[in-house]
Amino acid sequence: MEYILNLKKAVKVLRKNRDKNILICTHIDTDGINSRIILEKLMERLNIDAEFMFLRQIDFKTIDTIPFDYDVIIFADLGSGQLELIKEKMNEYGLLDRKDKYIIILDHHLIDDTKLPENIINVNPWNNNIDGGKEICGAGVCYLFAKICDPRYTDLAKYAILGAVGDIQNLEGKLVGLNREVILKDAIEAGDIVNFPDLQFYGKHTKPLFTSIKYFTDVRTDLMNNDSRIIDFINKINRKYDTNILPKNYLCELTLDEKRMIGTEFLSKCNRHVPPKWIVYLPKVIFGESYELRSEEIKSPLRNLEEFSTCINSCSRYGEYETPLQVLKGDRDKYYDKMKKMLRSHKRNISESLDYIKNEVEIIQRDKFQYFEVENNKIGGNIVGIIAGMSYSIEEVDWKKPIFAISEIDEGYKVSARCPKLISFAEDINLAEAIKYASKKVGGSGGGHKFACGSYIPKKGDFIKYLEDIL
Ligand SMILES: [Mn+2]
């Protein structure tokens, strides 16, 4: 059952040091918070005392906020990309090669290539050539860790699936690899999660079909920003298939057959709106699979895992971690109310930011990409990535090219890059590499996924020119 190198070794170290001082540091996004809850529950069940902290990221500044005087420090959903830095710090504190001090990393990000001392244990799927980008997430690695401690802990699998969906590991429509074959299987058998074929429109339990279609930006058709055409589109389906789908119906209320009809008609519409060589990739952006928590009510924002992840982000992006943690633990009272409130304000924030881009900001076109700049904290660094992605709903944004959003923050600039899924399937494009290269050239740093990534740069300099060079 040891799917990933070092899993057993890491469990052994935890067991041997169970009565020592243990600190667990986790990332703050959906995957990180689910890693945290898995490890919290695990420690509770094993009757191990541990302390916890959240970490936004590990860099040369934040590493000094980590108290290295614990006997065992576990990093979850971060760490593998900062091995060199962690090693350096341990060396500084005289902890390298100590037989009584351990670092355990449970992560899925790309591994920083460096030789590790015996007391740093890096548990990461990339060690086994398993794709940490889509086959397992940080919470997934934590789940496998827990499962080695006790194979009966399959009730924790649902958190790992939520983490995977939060990290968009189902990019091509459904979960694959360890996510599917081990973790999803466990979560289904435990009775926590259901999966079924579905359309890849967002908001299945929280928005009318009409709105879900309206905000679908993976392919630009003549339905975008055109309410009457969407109504016509639905009416045409009703006539053709003799059905009675209403624009106000939620996707979760429709039968599988009805969804299939909508998907088929939408696909043939999309066929007419994309370059011929992209057509083959269309089904992957229209048809997919949904993952839902059986214990949540229909039309609750927590039922569908994609929407649950939005709820978590609407708190964690604003520095609020306790609320999603308590909701994940089962609170449907005070913290759940707070979460719904934060979700509303998050949505308002996004729609105001999008309006601002639409009305006040120029989209600048380059040959291979486009970009826009925002001054003066007008869009917070916490949501600039979301705004970059949603900017494809603006007419002036060319949906066949990647987009870079550059937002001025207190000290420097936050940059985010996005491109529509279809392009990332059809074209050999790697935005993470591009943003990393250009950011480094102007004294910043960044990275992420091929289709969605971000960076921080202290000054703009020739950032755009460097992007042009590499794209
Ligand atoms: Mn992650």
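What 222 nm value per residue comes from the helices of the chain, counting each DSSP H run with n ≥ 4 as -39,500 (n - 2.57) and dividing by all residues, nearest 500 deg cm²/dmol?
Mean residue ellipticity at 222 nm (helix-derived): -11500 deg cm²/dmol.
State the volume of the convex hull built on the alpha-carbon positions of the stretch 94-172, expressed per residue in Å³ and rounded to an integer. Let's see the in-between values first.
Numbers: hull volume 9.0 nm³, N = 79.
Given the Cα convex hull of the stretch 94-172, per-residue volume reads 114 Å³.
Please give the peptides 106-114, 336-344 ranked by average Cβ packing (other Cβ atoms within 10 Å per residue), highest first, as a rough proxy for protection.
Top of the packing list down: 106-114, 336-344.
Any chance you could give the angle, 0 to 90 degrees and rounded to 10, that helix 157-166 forms with the longest Cα principal axis of the chain?
60
Taking the stretch 361-470 on its own, what percent of its Cα-Cα pair distances exceed 20 Å?
30
What is the log10 of I(q)/I(0) for the chain, computed with the Debye formula using one identical point scatterer on each Cα and no solvent, at q = 0.13 Å⁻¹?
So the normalised log intensities work out to -1.30.
In what sequence, highest mean first, do 6-13, 63-70 appear when ranked by Cβ atoms within 10 angstrom?
For the peptides 6-13, 63-70, the packing ranking is 6-13, 63-70.
When the C-alpha atoms of the stretch 7-191 are aligned to their principal axes, what extent does each axis show, in angstrom, from largest down?
Taking the Cα atoms of the stretch 7-191, the three principal extents are 46, 33, 26 Å.
Over the stretch 7-191, with the other protein chains present, what is the accessible area per residue in square angstrom, probe 1.4 angstrom?
Each residue of the stretch 7-191 exposes 41 Å² on average to a 1.4 Å probe.
Roughly to the nearest percent, how much of the accessible area of the stretch 208-292 is carbon and sulfur, given a 1.4 Å probe?
Heavy-atom surface of the stretch 208-292 belonging to carbon and sulfur, 1.4 Å probe: 51 percent.
On average, how much accessible surface per residue is there in the stretch 361-470, in Å², for a 1.4 Å probe, leaving out ligands, DNA and RNA?
44
Using Cα pairs closer than 8 Å and at least 6 residues apart in sequence, work out the relative contact order for the chain, in percent.
11
Could you tell me which trypsin sites (Lys or Arg not before Pro) in the stretch 421-463 are loop residues by DSSP with no more than 13 other beta carbons within 10 angstrom of their beta carbon?
Values: sites: 421, 436, 440, 441, 450, 459, 460; in loops: 450, 459, 460.
Counting only loop positions with at most 13 other Cβ atoms within 10 Å, the trypsin sites (Lys or Arg not before Pro) in the stretch 421-463 are 459.
Rounded to the nearest 10 degrees, what's the angle between the helix 256-271 long axis and the longest principal axis of the chain, both from Cα atoms, 0 to 90?
70
Based on the Cβ-Cβ distance of residue 257 and residue 437, what FRET efficiency does E = 1/(1 + (r/R0)^6) give at R0 = 35 Å, to the nearest 0.05?
Computed FRET efficiency for residue 257 and residue 437: 0.15.
The values are calculated or read from the model by the stated rules, or taken from the named source; none is laboratory data. In this text, all values refer to a predicted model and were calculated from it rather than measured experimentally. Note that each Cβ is placed from the backbone with ideal geometry, even for glycine, and that neighbours are counted across all protein chains shown. With ligands, DNA and RNA removed, areas are computed over all heavy atoms of the protein, side chains included. Shrake-Rupley method; radii C 1.70, N 1.55, O 1.52, S 1.80 Å.
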